[in-house]
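The values are calculated or read from the model by the stated rules, or taken from the named source; none is laboratory data. From a predicted model like this one, the values you see are computed outputs, not experimental measurements. Virtual Cβ from ideal backbone geometry, glycine too; neighbours counted across all protein chains shown. Heavy atoms of the whole protein, side chains included, go into the accessibility calculation; ligands, DNA and RNA do not. Shrake-Rupley method; radii C 1.70, N 1.55, O 1.52, S 1.80 Å.
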Amino acid sequence: MKLLRVLHSVRDQHPVEVISTFLGAHSVPKDTTADAQTDYIINDMLPALVALKEKGEINPEFVDVFHEEGVFNYEQTKRILEAGKRAGMDINFHGDELHYVRSGELGGEVGARAISHLEKVSDEGMQAMSKRPTFAVLLPSTAFILRIAPPPAKKLIAAGVPVVLASDYNPNAHCLSLPYTMGLGCITLGMTMEQALVATTINAAAAVNRADTHGSLECGKAGDLVVIDAPRWEHLIYEMGDPPIRVVFKKGTLAWGKQTQ
């Protein structure tokens, strides 16, 4: 709850919108069990979250669980996600990363907005995800650093699952560069440059319920854009490690760089 309070407090202090997620189920404390922790999250943490939200102290939009062997299993994850949904949050969870645990199938069952990782997703999971559809948030930097097989981006796209590329910035994958992530998406996941662009713009916005206001340059949407110093937009990906970004605009206002004539 402390982290949610911090995120809520800084949302008006930075030009980039802050969208917070409740991840009370990322690990199981050593002094308890996954079943007991599941009950604690549902019976104690979520009611406390709702109370703080009603007071205007926090505003999480998504509920998340680390659905993985040795952490939270299918039924435990389902219970937490459905409880979070009843508490007014949409579902966006970790799944099918290190082991196949039927996260794609679970996402389809609970109507998830998005699932992250999906290195081990099955064909059946892809079909389940295509129903709502549930967005596949792929994190190529994580697979690259862990030296595991990357998620099947091309198969997901062919199955009708919208794909998002994200950096997964965390202590394990210290990557803040979205252009580098796009490059990894093309090189390690086999995506085209056009697919990588869609995955980091309109699909990314849609995965957090912002496609009506963000993710593309259209009349009535936020004026969020980058200006590059290159003959073609593909240089944003092609110039790996040193993208030719010169100016960044946020809501039509210069946020980074220096305007020149």
Selected residue [within 28 Å of residue 143 (Cα to Cα) and open to solvent by less than 30 Å² (accessible area, probe 1.4 Å)] from 239, 234:
234
For the stretch 179-223, how many residues are outside any loop (DSSP other than H, G, I, E, B) and farther than 24 Å from residue 60 by Cα?
16
Inter-residue pairs, beta-carbon under 8 Å, first at negative phi and in the stretch 16-41, second at pLDDT 95 or above and open to solvent by 70 Å² or more (accessible area, probe 1.4 Å), 6+ apart:
32/40; 34/73; 38/79
Boolean, residue 54 is without any contact (Cβ under 8 Å) to a residue 12 or more places away in the chain and open to solvent by 10 Å² or more (accessible area, probe 1.4 Å):
yes
Within the stretch 118-144, the residues that are in contact with a Pro (Cβ under 7 Å, 6 or more places away or on another chain), closer than 18 Å to residue 68 by Cβ and not aliphatic (A, V, I, L, M) are 119
Looking at residue 8 and the list (1) touching a strand residue (DSSP E or B) at 6+ places or on another chain (Cβ under 8 Å); (2) buried (at least 18 other Cβ atoms within 10 Å of the Cβ); (3) not aromatic (Phe, Trp, Tyr), which single condition is not satisfied?
(1)
Are any residues in the stretch 147-162 within 16 Å of residue 116 (Cβ to Cβ) and in contact with a Pro (Cβ under 9 Å, 6 or more places away or on another chain), and if so, which ones?
150, 151, 153, 156, 161, 162
Could you check the stretch 27-45 and list, in sequence order, the residues that are within 14 Å of residue 81 (Cα to Cα) and in contact with a strand residue (DSSP E or B) (Cβ under 8 Å, 6 or more places away or on another chain)?
37, 38, 41, 45
Qualifying positions in the stretch 120-164 - closer than 15 Å to residue 105 by Cα and in contact with a Phe, Trp or Tyr (Cβ under 9 Å, 6 or more places away or on another chain):
120, 121, 122, 125, 129, 161
Of the listed residues (60, 29, 47), the one being part of a loop (DSSP other than H, G, I, E, B) and either open to solvent by 50 Å² or more (accessible area, probe 1.4 Å) or polar (S, T, N, Q) (or both) is 29
Considering residues that are surrounded by fewer than 24 Cβ atoms within 10 Å (Cβ to Cβ), of a type in the set (A, V, I, L, M) and either without any contact (Cβ under 8 Å) to a residue 12 or more places away in the chain or part of a loop (DSSP other than H, G, I, E, B) (or both), the number found within the stretch 96-152 is 4
The listed residue being over 22 Å from residue 95 (Cα atoms) and not hydroxyl-bearing (Ser, Thr, Tyr), out of 160, 190, 185, 215:
215
Residue 72 vs. criteria touching a residue at least 60 places away in the same chain (Cβ under 8 Å), within 21 Å of residue 95 (Cα to Cα) and open to solvent by less than 10 Å² (accessible area, probe 1.4 Å)
no
